[in-house]
1. How big is the shadow of the Cα convex hull of the stretch A:2-76, averaged over all directions, in nm²?
2. Given charges of +1 on the Cβ of Lys and Arg and -1 on the Cβ of Asp and Glu, with all other atoms neutral, how large is the dipole of the protein assembly as shown about its Cα centre, in debye to the nearest 20?
3. Expressed as a whole number of Å, what is the distance separating the alpha-carbon centroids of the stretch B:476-514 and the stretch B:174-200?
4. Regarding the stretch A:83-153, what's the average projected area of the Cα-atom convex hull, expressed in nm²?
5. For chain B, what is the calculated [θ] at 222 nm in deg cm²/dmol (nearest 500), taking -39500 (n - 2.57) for each run of four or more DSSP H residues and dividing by its residue count?
6. Using only alpha carbon pairs under 8 Å that are at least six residues apart, calculate the relative contact order of chain B and give it in whole percent.
7. Using Cβ contacts closer than 10 Å as the measure, can you line up B:LYS455, A:LYS96 from fewest to most?
8. Taking each residue of A:58-68 in turn, how many C-beta atoms of other protein chains fall within 10 Å of its C-beta, and what is the average?
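Nothing in this text is a laboratory measurement; each read-out follows from the coordinates by a stated rule. Nothing here was measured: the structure is a model prediction, and the numbers come from that model. All Cβ positions, glycine included, derive from the backbone under ideal geometry; neighbour counts span all protein chains shown.
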Amino acid sequence: MKQHTLAVLVKNRPGVLARIAGLYSRRGFNIESLTVGRTEDPRVSRITMVVEADEMTLEQITKQLHKLIDVLKISDITHEDMVERELALIKVNADKNNRSDILQIVGIFRAQIVDVGEKSVIIEVTGSTHKIDAMVNLLAPAGIRELVRTGKVAMIRGNKAVKPPLD
Amino acid sequence: MELSGAEILIASLEKEGVEVIFGYPGGAVLGIYDVLFSSKIRHVLTRHEQGAAHAADGYARATGKPGVCLATSGPGATNLVTGIATAYMDSVPLIALTGQVGTSFLGRDSFQEADITGITLPITKHNFLVKDVKNLARTIKEAFYIATTGRPGPVLIDLPKDVTGLKTEFRYPQKVEIAGYKPIYAGHIKQITEAAEAIEKAQRPVIYAGGGVILSDAHEELRELAEKANIPVTCTLMGLGGFPGTHSLSLGMLGMHGTVVANYAIQSSDLIVTIGARFDDRVTGRTDTFGPNAKIIHIDIDPAEIGKNVCADIPIVGDAKQVLKVLNHHVKFKERRGWIDKIEEWKRDFALSYGGQGSDVIKPQYVVEQIHELTKGDAIIVTEVGQNQMWAAQYYKFNTPRSFLSSGGLGTMGYGFPAAIGAQVARPDKVVFNIAGDGSIQMNIQELATAVAEKLPVKVAILNNQYLGMVRQWQELFYERRYSYVNMQSAPDFVKVAEAYGAVGLRATKPEEVRSVLEEAMKVNDRPVFIDFRVSREENVFPMVPANGVLDKMILGVEE
């Protein structure tokens, strides 16, 4: 099954996320990741969803989402030329013995140390999902204490835009 | 002028042309009921909120207008849930109004608080919680618009108590625009002409018509298509009445308890023209064996129905009536002698049959036939769910739309009686029969009080076999006759129950009494009638395609 990235514009109203989450669970669709936030228009929120689905299921997901009154627009941007980013905070064990190794990894991935503790550091990293996976794998031997990821956000390059059909 | 929320609500309902509300009062809707008391809108007080939801549903199905029900917060609202889900599954335009605790009490587990918008998320087309009285009028306008346009469905409006009391300027919006909600009515012309070409080429076409035909008022266009292009028509349970059951091109119902000819036609067809139907499992059996040699045209107003259960070769998104109007211009008559002869042969060889009313025990099918004969096919028939529903679908020949009201999708026992009340309120000119079972009727039997109070002459034909008949049938056929908890012998005396409520109670125990008892019931016009038909206890509904089976592998009967 293939991963698809959907950009979904919804009305910025209470309960919208519950409607979407409910739709997914009751129809048995799988969400890999989901992020939501306000857009340039305060009336509109944008959800970036990564879903794993075959073509038929993806078509159903799209059509069922469209039936929700608060959903304004759905774009499958999987095949677009786009910028995709995810942010992760990683708290990893770090003491005298391995600190320099960790700093090296942080350097290679152009990540940042945003907090330093006695036995651990917090690393902030941004990039593609793939890049973050790779960094997490490299840090794993040191011992990851805590990991939080935002899920992917994405935007099409150039003039093309995902715009709501408002006004 | 400034009006209170409750006044705005009732004034808005009046603007929407609402003539009747089915409801039940309570603490959170006191303000609304106070305004309703002096409104010209009729209020029918049911004896249970579930009855109110089903009655509003029956009203909507009988008329095509949205039905309105009203309940208080908490238990009042949750009692509507089954009725809302029933309407949702069958695409019935319904407005459910619920009281709610005051906005400052929300989310604090207050007395009679239930998160009804949360609860009804998956069973409404949309729902609203109105937190500001300034949004109330617009919300009502939007609710009616959403409920009645596109693929219809229930919309719930939750009204906190303080919102019904606060005042604001009342202006009812003239029109409504909802970004992100644009139903498609006109079919794509390229798809329609492609469909016409496929029809022209087809040797063995069949039309599979569903409830969408009735919802879009497309029965005349459907008839024109069938006659003009010479295509036999089978209807789903929801589609019954969308094409005349007595027409020479009618094959009757298809699916699990469909006719042999309808199921054979589907399985032998090379083109299935699907109109406003959704390939439900009760229709298709195993989907990969449904119409194995057929190309599929699928006309539906809901894009999500296309490709959901079965892949369509020629999908057409649009309103059935509008699409058929255009399609009918592009089709022409073809004789297809061989196909039509084959259909006639199947009709002759495999006519619906229950062996006739020979014995001295009443056959339930005979009761339905007698009701059909006596009402000349002109009654509104409402059913409960189970064997009663299937016998009604099989043996009453429906010729007009909105004459058969039944819970098809959800299969709600207890639907029939309150829905019949709603239908009778909507159509006082019509004879309304509820064909019931002894199990189902006990699920909303309290509505006798409603029908008596409103002087509604609803006729309830209880096909009393003292079993949960359909469950018993499955246990007989698939569970080695282990009749687990389906015995209903300890039922009340339905005649006495009816009389206790002030209704008329009648009983028939012998075949020769059926006709006279029905005639007696027909004479009553100021109160409901219960007729207790003591029928053959282990009668089965045939033909039957076992669940997830293949349509032409039907059980036609069991060896005695």
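1. On the way: hull surface 17.6 nm².
Mean projected area for the stretch A:2-76: 4.4 nm², to one decimal.
2. Numbers: 82 positive and 85 negative charges, 244 e Å.
Taking the Cα centre of the protein assembly as shown as origin, the dipole is about 1180 debye.
3. Measuring centre to centre over Cα atoms gives 48 Å.
4. Working: hull surface 16.9 nm².
So the Cα hull casts an average projection of 4.2 nm².
5. On the way: 22 runs with 203 residues, N = 560.
The per-residue figure over chain B is -10500 deg cm²/dmol.
6. Values: 1314 pairs, mean separation 78.3, N = 560.
So the answer I get is 14 percent.
7. Details: B:LYS455 12, A:LYS96 6.
The order, fewest Cβ neighbours first, is A:LYS96, B:LYS455.
8. Details: counts 0, 5, 4, 1, 2, 8, 3, 1, 6, 9, 5.
Averaged over the peptide's residues, the number is 4.
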